[in-house]
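**Q** Before anything else, here's the structure in question.
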Amino acid sequence: MYASREDIGYDFGDDSKAGSKPVKPNPNIDGGWAWMIVLSSFLVHILIMGSQMALGILNMEWLEEFNQSRGLTAWVSSLSMGITLIVGPFIGLFITMCGCRKTAIIGGILNALGWILSAYASNVHYLFLTFGVTAGIGSGMVYLPAVVMVGQYFQKRRALAQGLSTTGTGFGAFLMTALLKYLCREFGWRNAMFIQGAICLNLCVCGALMRPLSLKEANEKYVVRSNSEGNQAKALSHSAETIKSNGALSEEPEKKEVATNEEVLDNVKHIEIGGKSRIGKNMYGLRVLKTASQLTVTVKKGFGIWYSSYFGAASLFTNRVFVAFIIWALFAYSSFVIPFIHLPEIVKQYNLSSQNNIFPLTSIIAIVHIFGKVILGVISDLPCISTWNVFLMANFTLVTCILTLPLMQTYISLAVVCALIGFSSGYFSLMPVVTEDLVGTKHLANAYGIIICANGISALLGPPFAGWIYDITHKYDYSFYICGLLYMVGILFLFMQPYIGKKQPQDKSTEEAQV
């Protein structure tokens with residue numbers, strides 16, 4: 001019924017060449033230091049996503065302090081959440097040039113700086129710049145590398161590893177909510193933000209743990225992946241070949257350019273060293289020149305790969321399934337956020353406040369969401385199960401729950417639907433896995449940057465759109481129905497693309513004629 005891995009053509013490599021060379025598995029792939037990467041990503045999700053889930057505590061303090069409207073004050077947290085995801089494509093450029101480790105460390109410093117500067121805010125607009133923009137960009141610079149590194153270090157247990165690392169969001173929501181409540185009560189919100197900024201410096205430690213794979217280790221992972229998947233049918237072979245050609249774009253000229261620059265500089269260095277009287281001054285100038293030259297080459301190469309991935313002839317957008325994935329992402333996140341916004345009002349409308357106060361429905365979603373990520377990850381890693389099928393089934397379950405939730409009028413029925421929403425939304429941990437399967441590990445940073453950017457746009461525009469629907473209809477039901485239907489369109493578009501994009505088989509004479 002659903003598209004399998006073979007249907008969507010996951011691997012873009014040359015399996016025949018890779019399979020001919022037996023390679024000893026690297027201990028750091030699916031084991032060893034890979035679990036330290038999971039721990040690092042888990043802590044990043046606690047400090048980044050968990051803190052953002054707890055911003056409601058600070059939002060109340062800001063309302064009391066600055067006496068601004070709820071809508072204007074809410075934009076502070078919305079900007080922080082949205083920018084964290086929207087900057088994804090640009091963070092992909094940093095990762096291409098500097099690598100995940102350096103990008104994450106710089107992001108940790110920037111995030112902590114945003115929290116600390118926000119402690120001195122004199123108005124809400126000041127918070128837009130310091131917390132919304134500065135801390136938001138810093139969060140994005142740590143979040144994307146944390147996801148990408150897990151994908152690089154895992155092959156057989158990718159879904160489980162991503163599931164374990166992303167459970168940090170749920171744990172962080174509980175921990176950071178309790179921590180911010182305590183800090184605001186004991187020290188005030190300004191000192192609380194200052195302390196939280198100091199805590200967020202631990203993101204630099206998480207970034208330092210992101211040890212990059214060597215070229216040899218990366219090649220070994222690729223070979224293991226090719227051997228395990230065999231010669232698959234490639235439904236999107238044209239798109240795949242285009243993406244693959246993108247990866248090799250201008251590599252040889254750039255290597256020659258690097259070698260030429262270094263060779264010239266080394267020759268100049270030797271010549272200058274011969275003049276002993278000017279060795280100190282010339283050596284310093286040579287170091288500066290050599291560093292500037294290497295930096296220029298690195299930036300030029302990184303920008304070239306980044307630009308061609310998005311806008312060149314060998315663009316990621318030539319992959320039909322990936323484009324459908326982006327369209328799906330534009331609708332998905334807002335549908336998940338809407339229950340958190342309108343559930344309290346629905347509970348109040350049906351006079352269920354007393355029961356909800358004992359065990360809030362939003363807490364049911366958050367708790368089950370943690371287990372959903374891990375369980376769906378374990379299921380997806382089973383050899384007989386397709387990650388793509390699990391991903392689609394979870395999406396269909398979630399959209400069904402979104403559409404039926406307004407029809408539930410008792411606490412028990414609402415609790416059951418909320419539990420299903422929490423479990424099925426665990427597919428978030430599969431998003432990096434599906435993205436990597438579509439475009440390959442080499443392009444994961446740029447591709448996943450686009451996906452989370454689409455999610456960020458959805459997170460920014462979804463809640464205001466739902467509020468606008470309520471202002472027109474004066475009913476919460478229509479917000480669920482309209483956003484649920486848009487979400488369903490995105491899922492169906494994603495579901496149909498593997499079949500629409502299938503390349504018709506050609507006979508040998510036709511293929512030879514084309515060659």
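The values are calculated or read from the model by the stated rules, or taken from the named source; none is laboratory data. Here the structure is a predicted model, which is why all the values come from computation and not from measurement. Positions of Cβ are backbone-derived with ideal geometry, glycine not excepted, and every protein chain shown enters the neighbour counts. Note: accessible area is taken over every heavy atom of the protein model, side chains too, but ligands, DNA and RNA are not part of it. Shrake-Rupley method; radii C 1.70, N 1.55, O 1.52, S 1.80 Å.
**Q** Somewhere in the range 360-370, is a residue in contact with a helix residue (DSSP H, G or I) (Cβ under 6 Å, 6 or more places away or on another chain) and either at pLDDT 90 or above or among the small types (G, A, S) (or both)?
**A** For the range 360-370, residues in contact with a helix residue (DSSP H, G or I) (Cβ under 6 Å, 6 or more places away or on another chain) and either at pLDDT 90 or above or among the small types (G, A, S) (or both): present.
**Q** Right, another one. What do you reckon, is V378 over 19 Å from L414 (Cα atoms) and out of contact with any His (no Cβ under 9 Å at 6 or more places or on another chain)?
**A** yes
**Q** Determine whether the range 104-125 contains at least one residue that is touching a residue at least 24 places away in the same chain (Cβ under 8 Å), out of contact with any helix residue (DSSP H, G or I) (no Cβ under 6 Å at 6 or more places or on another chain), of a type in the set (G, A, S) and not in a helix (DSSP H, G or I).
**A** No, the range 104-125 has no match at all.
**Q** Applying the selection to the range 26-62, what residues are more than 18 Å from M141 (Cα to Cα), open to solvent by less than 30 Å² (accessible area, probe 1.4 Å) and in a helix (DSSP H, G or I)?
**A** Hits for the range 26-62 are A34, L55, I57, L58, W62.
**Q** Going residue by residue through the range 101-120, is there one that turns out to be buried (at least 17 other Cβ atoms within 10 Å of the Cβ), over 26 Å from G151 (Cβ atoms) and at pLDDT below 80?
**A** no
**Q** Restricting to the range 360-392, give me the number of residues that are assigned to a loop (DSSP other than H, G, I, E, B), of a type outside the set (D, E, K, R) and either in contact (Cβ under 8 Å) with a residue 24 or more places away in the chain or open to solvent by less than 20 Å² (accessible area, probe 1.4 Å) (or both).
**A** Qualifying residue count, the range 360-392: 1.
**Q** Shifting gears a bit: Test of understanding: among G138, G168, G197, which residue is open to solvent by less than 40 Å² (accessible area, probe 1.4 Å), modelled with pLDDT of 85 or more and in contact with a His (Cβ under 6 Å, 6 or more places away or on another chain)?
**A** Answer to the check: G168.
**Q** Out of I412, I450, I500, I need the residue that is modelled with pLDDT of 80 or more, open to solvent by 10 Å² or more (accessible area, probe 1.4 Å), among the β-branched types (V, I, T) and under 22 Å from F317 (Cβ atoms). Which one?
**A** Only one candidate passes the filter, namely I450.
**Q** Answer yes if at least one residue in the range 260-270 is modelled with pLDDT of 70 or more and open to solvent by less than 30 Å² (accessible area, probe 1.4 Å), and no otherwise.
**A** no
**Q** Sort out which residues of the range 80-93 are more than 14 Å from Y333 (Cβ to Cβ) and crowded, with 24+ Cβ neighbours inside 10 Å, and write them in order of number.
**A** S80, V87, I91, G92
**Q** Filtering the range 63-79 down to residues that are in a helix (DSSP H, G or I) and without any contact (Cβ under 8 Å) to a residue 12 or more places away in the chain, which residue is surrounded by the most Cβ atoms within 10 Å (Cβ to Cβ)?
**A** L63
**Q** Something else: Any residue in the range 399-421 that's in contact (Cβ under 8 Å) with a residue 12 or more places away in the chain: show its pairings with residues that are outside any helix (DSSP H, G or I) at Cβ separation under 6 Å, as long as the two are six or more apart or on different chains.
**A** Qualifying pairs under 6 Å: Q409/Y350; Y411/L352; L414/M408; V417/M408.
**Q** Hey, does the range 165-175 have a residue that's closer than 29 Å to F94 by Cβ and either basic (K, R) or in the same structural domain as F423 (by the TED database) (or both)?
**A** no
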